[in-house]
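K.L.:
One structure, as C-alpha cells, below. Some questions next.
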Amino acid sequence: MNGDEQLLRGRVYGHDHDNPDPGPLPWQTYAALIGGPLDGLLLDITGWRPEEIDDGAALSTELGQFPGGRSLYDPRPGEPRTPGPGVSCRFYHSGDTP
C-alpha cells in the first residue's frame, strides 16, 4: 500500500483531507468502496433510495486510469444491505471513465 492509499483508508469520499475529522459520522449511512483507486474510502449514501443504491456511483478522482475522470463503483446483485446508520453495503470498482 503506497502513501496515497494509506491516507484514504477509513475516510469519507469527498471530505477534505485537511479536515481534522474526515472519518464517518455515527448517524450517517455509508457504502464501503472496494478495489480501484478509491479502495478503503466510505461513500455517504444517507438518504439514497434503494434504486439509487442499485445504480452505484461514478465518482470523480485524480487517482484513476483517467486523471480528472470518474471511477465506477457498483453493488453486487443480491449482496445484503444493513439498514440504518453505519456501513450499510459495499460498492465494488467496475472500471474508470474519462
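K.L.:
Each residue of region 66-81 in turn: what ³J(HN,Hα) in whole Hz from Karplus with 6.51, -1.76, 1.60 and θ = phi - 60°, glycine and Pro shown as x?
P.N.:
10, x, x, x, 10, 9, 9, 10, 9, x, 8, x, x, 6, x, 10
K.L.:
Roll a 1.4 Å probe over the protein heavy atoms and report the accessible area of LEU72 in Å², nearest 10.
P.N.:
60
The values are calculated or read from the model by the stated rules, or taken from the named source; none is laboratory data. Since the model is a prediction, treat every value here as computed from it, not as a measurement. We work out accessible area using only protein heavy atoms, side chains counted, and drop any ligands, DNA or RNA first. Shrake-Rupley method; radii C 1.70, N 1.55, O 1.52, S 1.80 Å.
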